[in-house]
Amino acid sequence: MNLLVIGSGGREHALVAKLKENAEVQKIYCIPGNPGIAQIAECVEIDSLDNAALVAFAKDHSIDLTVVGPEIPLSNGIVDAFKANGLACFGPTRAAAQIESSKTFAKQLMAKYDIPTAKFAVFNHAKEAKEYIQLQGAPVVVKADGLAAGKGVVVAMTMDEALAAVDMIMCENVFGQAGNQVVIEEFLVGEEASILAFTDGKTIIPMVAAQDHKRVYEHDRGPNTGGMGAYAPAPIITAAVSEQVMKEVLQPTIHAMESEGCFYSGCLYLGLIMTADGPKVIEFNARFGDPETQVVLPLLDSDLVTIMHACINGTLADATVKWKEEAAVCVVLAAGGYPETYHKGDIISGIDKAEQQGAYVFHAGTASDKGQVVTNGGRVLGVTATASDIRQAVDKAYQAIESIQFKDMHYRKDIAHRAISKA
Ligand code: AMP
Ligand code: GLY
């Protein structure tokens, strides 16, 4: 079997590593990949938004399964193009990917089908959005409708911040067309969790729940980032909560998508906030999360290739999806200055040594330079460790990190602190 993975981050590195465990896999290609992925797959430079070129590549290389990491190729219709050519591609179609690519779509779907979420209103004009904010008062949440690389959400603690967010999104067009509409949302209070689920459009099977850490500094201080670490399982998602989420969110969402003519298959990512009134959806993503994937997939005790084929073929109800009775922790090593400006091109040492200690070192923002691995992004590496419980996984991950060095490297020392304090 030959496989193709689209993407270049830590999430895709974790996907490739897991897919490779299937003994029938001969070759994995990754477009465009990164230096870590290049050690276990062949990286190929093709524009991941050029659907015709990607289809041609898959045909030429007899690809049996394509897995799409990021949201942009999904909302660019990669799955539609592969399907039209009889190629198996894991992920939702362009229409179904709207659940992530349009917050208005997602919110209206939840309202129509009674899926618990924050109260909201949608606006096409800044003036009306601002009038509404003035009526609601702060704190309030302002969200650009479209894809904004995770930056289109402003949790405004004051009225001035909320009004400025509307100006930034709708008047200064910081996110381009993604800001033609805004969603103004009720501010919810509670602990967050991420639930990723496999689905073939009928059956939906949740993965172990995870929690990521979005703020750059310890104790959730500082600006939001793409994610400074994650852990799984998240103890806040007890068996009872999981059942409730299945009944109130996952199943209704899959049925709603089908009723709306947007049959959804692939991985559905649920961002939840555990309010006093129960779990509520803060966002859907149409793909695996990053860095959640780096802790969830190492815990999967079943064959990922088989599960993904079952999602594509509509046979997920017959598939085996088992989880190891272990815990996983991923700590992101970031470049000095991130999430503001940071330096690139610094030599990274000690990756091999960290791996010899039993950690997975997933590359996120790295490049190869004259035979050396160097920094090439804000989030550089994700170091994942698994162990029989969360405390041991934390110790193992931080111990492995001791071996890794690059100039001005920084990372959070408190990943998984919430789980540990509950243990
Ligand atoms: P999103 O990109 O929609 O996940 O939002 C990014 C972050 O903003 C979330 O992880 C939450 O921490 C926060 N957030 C989003 N919506 C709300 C809300 N309605 N109430 C409180 N916090 C929110
Ligand atoms: N970890 C959040 C995301 O992947 O969007």
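When N285 is evaluated against the numbered criteria (1) polar (S, T, N, Q); (2) within 19 Å of the chain's Cα centre (by Cα); (3) farther than 30 Å from K27 by Cβ, which criterion, by number, is the only one it fails?
It fails just one condition, (3).
Under 9 Å between Cβ atoms, which residue pairs at least 6 apart in sequence (or on different chains) link something in the range 69-81 that is touching a residue at least 40 places away in the same chain (Cβ under 8 Å) and in a helix (DSSP H, G or I) with a partner that is charged (D, E, K, R) and buried (at least 20 other Cβ atoms within 10 Å of the Cβ)?
E71/E100; E71/R287; L74/E100; L74/R287; S75/E100
All but one of (1) within 23 Å of I99 (Cα to Cα); (2) surrounded by fewer than 17 Cβ atoms within 10 Å (Cβ to Cβ); (3) within 13 Å of ligand 1 (Cβ to nearest atom) hold for G261, so report the exception by its number.
(3) is the only condition that G261 fails.
If I filter the range 161-196 down to residues being within 16 Å of ligand 2 (Cβ to nearest atom) and not hydrophobic (A, V, I, L, M, F, W, C), which single residue comes out as modelled with the highest pLDDT?
Initial filter on the range 161-196 (within 16 Å of ligand 2 (Cβ to nearest atom)): 175, 178, 191-196.
After this cut, where a residue has to be not hydrophobic (A, V, I, L, M, F, W, C) as well, the list is 191-192, 194.
Values: E191: 92, E192: 94, S194: 97.
Only one residue fits best here, namely S194.
Would you please list the contacts, defined by Cβ atoms under 9 Å and residues six or more apart or on different chains, that run from a residue in the range 166-191 that is on the phi > 0 side of the Ramachandran plot to a residue that is in a helix (DSSP H, G or I)?
N173/G179
Could you figure out which of (1) more than 16 Å from ligand 2 (Cβ to nearest atom); (2) at positive phi; (3) touching a helix residue (DSSP H, G or I) at 6+ places or on another chain (Cβ under 8 Å) isn't true of G266?
(1)
Of all strands (runs of 3 or more DSSP E) completely enclosed by the range 340-407, which ones contain at least 3 residues that are in contact with a strand residue (DSSP E or B) (Cβ under 6 Å, 6 or more places away or on another chain) and surrounded by 22 or more Cβ atoms within 10 Å (Cβ to Cβ)?
It comes to 360-363, 379-387.
Filtering the range 177-203 down to residues that are away from ligand 1 (no atom under 15 Å from the Cβ) and in a strand (DSSP E or B), which residue is nearest to the chain's Cα centre (by Cα)?
Top of the filtered list is A197.
For the condition within 20 Å of S102 (Cβ to Cβ), away from ligand 2 (no atom under 16 Å from the Cβ), modelled with pLDDT of 95 or more and touching a helix residue (DSSP H, G or I) at 6+ places or on another chain (Cβ under 8 Å), what is the one hit in T203, T199?
T199
A quick yes/no check of all residues on (1) away from ligand 2 (no atom under 14 Å from the Cβ); (2) farther than 19 Å from L74 by Cβ:
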| site | (1), (2) |
| --- | --- |
| A256 | yes, no |
| L272 | no, yes |
| D318 | yes, yes |
| C330 | no, yes |
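Which condition does T66 not pass, out of (1) more than 16 Å from F288 (Cβ to Cβ); (2) polar (S, T, N, Q); (3) touching a residue at least 40 places away in the same chain (Cβ under 8 Å), if it passes all the others?
Unmet condition: (1).
When you scan the range 131-152, how many residues do you find that are crowded, with 18+ Cβ neighbours inside 10 Å and farther than 25 Å from G289 by Cβ? If you could, list the steps in order and put the result at the bottom.
In the first step, residues of the range 131-152 are kept if they are crowded, with 18+ Cβ neighbours inside 10 Å; the result is 133, 140-147, 152.
Narrowing the set further to residues that are farther than 25 Å from G289 by Cβ leaves 133, 140.
Residues meeting the conditions: 2.
Return only the number of the condition from (1) touching a helix residue (DSSP H, G or I) at 6+ places or on another chain (Cβ under 7 Å); (2) over 25 Å from K151 (Cβ atoms); (3) assigned to a loop (DSSP other than H, G, I, E, B) that A234 does not satisfy.
The number of the failed condition is (2).
Here is a list of conditions, (1) touching a Pro at 6+ places or on another chain (Cβ under 6 Å); (2) among the hydroxyl-bearing types (S, T, Y); (3) closer than 28 Å to M157 by Cα, and Y264 meets all of them except one; can you say which number that is?
Y264 satisfies every listed condition except (3).
Could you tell me whether A148 is within 13 Å of ligand 1 (Cβ to nearest atom), touching a Pro at 6+ places or on another chain (Cβ under 7 Å), on the phi < 0 side of the Ramachandran plot and of a type outside the set (K, R)?
Judged against the criteria, A148 is not a match.
For A164, state whether it is assigned to a helix (DSSP H, G or I) and either among the small types (G, A, S) or within 16 Å of the chain's Cα centre (by Cα) (or both). Even if it seems obvious, please write down each step before you answer.
On the way: assigned to a helix (DSSP H, G or I): yes; either among the small types (G, A, S) or within 16 Å of the chain's Cα centre (by Cα) (or both): yes.
Yes.
Specify which of the listed residues (A234, A156, A230) is surrounded by 18 or more Cβ atoms within 10 Å (Cβ to Cβ), among the small types (G, A, S), more than 22 Å from the chain's Cα centre (by Cα) and within 16 Å of ligand 1 (Cβ to nearest atom). Don't jump to the end; show me each part of the working.
Numbers: A234 fails: more than 22 Å from the chain's Cα centre (by Cα); A230 fails: more than 22 Å from the chain's Cα centre (by Cα).
Result: A156 is the single residue among A234, A156, A230 that is surrounded by 18 or more Cβ atoms within 10 Å (Cβ to Cβ), among the small types (G, A, S), more than 22 Å from the chain's Cα centre (by Cα) and within 16 Å of ligand 1 (Cβ to nearest atom).
Is it the case that the range 212-219 has a residue that's away from ligand 2 (no atom under 11 Å from the Cβ), within 18 Å of the chain's Cα centre (by Cα), modelled with pLDDT of 95 or more and not basic (K, R)? Talk me through it step by step, then tell me what you get.
The initial filter retains those residues of the range 212-219 that are away from ligand 2 (no atom under 11 Å from the Cβ), namely 215-219.
Those left that are additionally within 18 Å of the chain's Cα centre (by Cα): 215-216.
Narrowing the set further to residues that are modelled with pLDDT of 95 or more leaves none.
The answer is no, given that none of the residues of the range 212-219 is away from ligand 2 (no atom under 11 Å from the Cβ), within 18 Å of the chain's Cα centre (by Cα), modelled with pLDDT of 95 or more and not basic (K, R).
The values are calculated or read from the model by the stated rules, or taken from the named source; none is laboratory data. This is a predicted model, so every value here is computed, not measured. Backbone-built Cβ (ideal geometry, glycine too); neighbour counts: all protein chains shown.
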